[in-house]
1. Given contacts defined as C-alpha pairs under 8 Å and at least six residues apart, what's the relative contact order of segment A:3-231, whole-number percent?
2. GNM, chain A, Cα, under 10 Å: largest mean-square fluctuation among A:Ala148, A:Ala200, A:Ala293?
3. By the gyration tensor of its Cα atoms, with a ≥ b ≥ c the square roots of the eigenvalues, what is the shape of chain B: rounded for a/c under 1.5, prolate for a/b over b/c, or oblate?
4. Taking the number of other C-beta atoms within 10 Å as the exposure measure, put A:Cys272, A:Cys34 in order starting with the fewest.
5. Relative contact order, percent, of chain B when contacts are C-alpha pairs under 8 Å separated by at least 6 residues?
6. Using a basic spin-label model with each label point 7 Å from the Cα along Cα→Cβ, how many nm lie between A:Glu310 and A:Glu249?
7. Among the helices of chain B (complete DSSP H runs), which have Cα atoms covering no less than 18 Å along the helix axis and a Kyte-Doolittle mean of at least 1.6?
8. Sort B:Phe344, B:Phe95 so the one with the fewest other Cβ atoms within 10 Å of its own Cβ comes first.
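No value in this document is a laboratory result; all are computed from the given coordinates. Bear in mind that the values here come from a model prediction, so they are computed numbers and not experimental data. Reconstructed Cβ throughout: ideal geometry from the backbone, glycine too, with neighbour counts over all protein chains shown.
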Amino acid sequence: MSNLLEVRNITCQFEKTRVVEDVSFDLSEGTLACLLGPSGCGKTTILRAIAGFHPLISGEICLDGERISSPDYILKPELRQLGMVFQDHALFPHLSVFDNVAAGLQDFRGKAKKALVHSMLERVRLNGKESRFPHELSGGQQQRIALARALAPRPRLLLMDEPFSNLDVELRETLGVEVRDLLRDSGTTCLLVTHDQQDAFTFSDKVGVMNDGHIEQWDNAYTLYHEPVSRFVADFIGQGAFLKGRVREGDIVETELAMLHGKVPPGCKPGCPVKVLVRPDDVVHNDASAFSARIVSRNFRGSSYLYTLELDSGTQLLSMVHSHHDHALGEQLGIELELDHLVVFPDESARDEQISQTPHQA
Amino acid sequence: MPETGAKQNTAPIRTVRMRVDLWQVGSFLFAALAALPVLAIIWLALFPEENIWPHLISTSLPGYLKSTLILMLGVGVSVFLTGVSTAWLVTHYEFPLRREFEWLLLLPLAIPAYVIAYMYTDLLEFAGPVQQLLRSIFGWELARDYWFPNIRSMGGGILMMGLVLYPYVYMLARAAFLEQSPNQFEASRLLGHSQFKSFLKVSLPIARPAIVVGVALALMETLNDFGTIDFFAIQTLTAGLYDVWLGMGNLGGAAQIATTMLTFVVLLLSLEYFGRRRQRFYQSGQRFKAKTRMRLPGHHAWWLTLFCAVPVVAGFVIPVGLLVSLAIDYFDESWTPQFRLYAFNSLLLSSSAALIAILIALLISYTRRLNRHSRTMLVVSRVASLGYAVPGAVLAIGVIVPFAAWDNWVDSLARQWFGFSTGLLLSGTVFAVVFAYVVRFLAVSIGSIESSLSKVSDSMDMAARTLGYPAHKVLTRFHLPLIKGGILTAGMVVFVDSMKELPATLILRPFNFETLATYVYQFASDEMIGESALGALFIVLAGLVPVIFLSRTISRSNVVQTRRETL
């Protein structure tokens, strides 16, 4: 299957600062993808470049095999047949809901236009609101109108810029699911941009984690969580702590809690200090374990507790424990590591210091 | 995949350069036109046809400079004291009619300085009602029997301009005081400073940038004034410029005086610029809502009411009252077909200027929006706004120079090729007058339109563009309905300012062509103030419209949108 959207080595800058550097990715027809990253990482600039609002310094963007952006050419946004949805909804305040949804249907007249608008409103479950004005609707309704407006002209690609960020927590999740299902049903290809990993995970098949103008990792949610390729991705996605360790012969990493097997980054020779990513669900409560850690803080999450634990060495770990296991602060908790995926990064802080103290051994 | 790749490789590599952007070309063009007068003056001063600098310096220039400096110093001190004290009272004290005074204090802004000068002259001159009254009370008969200050003097000029220009300072100082967190002031009180000392040590310094901007704006108006100083025979640079140009017909000399005035303008502009830069950093922008105002015990609060009433009564009530009564007394003499023609001329010129200023401002502001991060467009918008600081008389000289050059060029071409003379095409036509108005007031219009455009979110443009609307349709279909308020304000302010404009109109108008402003000036110069009253009243009434708008904004909320704050 050919790719609908191809982004090839694009670089963008604002004034003199490069905000996007050498970014590439493809979207095949029907994919729901997401660019995820902290604010200022360049994700919105990529979206704007795809829509034709931001020039490229290098690279190219192709849609359906046609080059739409390159350093010396920009196809005008109005000719790209893209849909766009924004954080602030961007509904036209002086137009009714009907006219907003009909705004992109310039080629349609009379009955055909009416029928299209009605079917769009039905799909976002807002039929009957045609004559309302945007300010009379709730935030969630406004966003659904914005979606209907963007989808009505049957765009080749839908771009969404933080579409759920202005909504309250509960609504954003239900709306996220609703929008995802709607897009799947219609086979729409969509690229969403968000700083919120929950939005990203609910919504997309593929997520590109961005940092400082680069895509650090382009993968599905599961892989991003369990097999992050960089410290940044590991930090940014989910919670977790890092356990100091040292590479032994082969692919073995020695830590204060266990000897761990797994892939070690290619640059790490035996003896090299490393950090091992430990997710809260990797730390399992086990009274029979030889290791224990002191509870330094706890956070009740309803179905579980998130404990912050401190080992004798001072290293802190997070542990997700079933909420029936109610332990007091200061209590010693027996723990063991259950790592399915070993994620190891070179320990940059320790490399210079040459840590003198060897980790405890079991 | 391979299919698309092949398609790309076999297709001839066609690098489509971005087409010439008509928006930007148009913006550059109009900005260049707007900057033309200023450039012309600088050019003339640098390469004069006939160097009169030595002559100027040895004769009249020192005198012009001295009176200009004294006038500006006097007006500066006067507007500072009046503006800051009243702004402080209405923001920090509670007294009877305080809410009303918050907007009443703006009213004098509606009166051109020359009109108030005519009114006070009529009131205070030897034959005026005040001196008549004094004579009848004390039995004096001749002017030498008693001493009475002459209003037509430097002191009088300072007083008159101070009375109508203090609202600039009042407006900005008030906004600055309101923006200050009361915590800073209270902290100072708790540290043991008295109310007044806290004002001097804390509130005033924090508001200083805003006050500096207000004073700079008032002084720009002072430098611009011609009617008052001419009537009071104060020999400022503007007066000198008129003498040299209209009296001696020496364009080079006029341009050299104009350049001297531009130096003042540059100083004032830098003052204003640094004020605004500091403002950003001094003021949190966060507004404190329920400010607790000091209450003076018992009837003492009425003293504050009285204090605030002085500038309103002196700067508005008395002159307008007198104006109305004179206009009624002289109505039959004034309401003539000629008067109606002049009024129509004013209306026509001012509304053309307003319309053109709106269109150019829309073009430049929208182009700037289309090229959001372009420094070039920022410069273009600033260059197009240069005119607001240039005094009308200076601007007029700057218009004459290139227009005359153009006329001569076209004329010589026509003679050479077609054997006839085209005469004056642009100079001495109403077009030149409208051109000057547009250049001088474009800044106000750009400021107002840019600020209302900036309230429309960017995503609105992107949404419309992705829905298939080209840039110009986004402007007409989606922006215009949203910013019509800003457009209206822009048009109104340009209209009213053009209506009041005197110095440039006097220099540039066609022979025997009168507007209300020149008509008022003409009659007043001939000591026929009564006959000029009706025209002056029209100008004041027109001037009241934007001031009332401004007042409504002030009384409705604490948000002050000053005319020029947006610049």
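1. 28 percent
2. Looking only at A:Ala148, A:Ala200, A:Ala293, the largest GNM fluctuation is found for A:Ala293.
3. Oblate, since a/c reaches 1.5 and b/c is not below a/b.
4. Working: A:Cys272 18, A:Cys34 26.
Least crowded to most crowded, the residues run A:Cys272, A:Cys34.
5. Once normalised by length, the contact order is 23 percent.
6. 3.8 nm
7. Membrane-span-like by this criterion, though nothing is claimed about a membrane: B:22-46, B:430-454.
8. Numbers: B:Phe344 12, B:Phe95 21.
Ascending number of Cβ neighbours within 10 Å: B:Phe344, B:Phe95.
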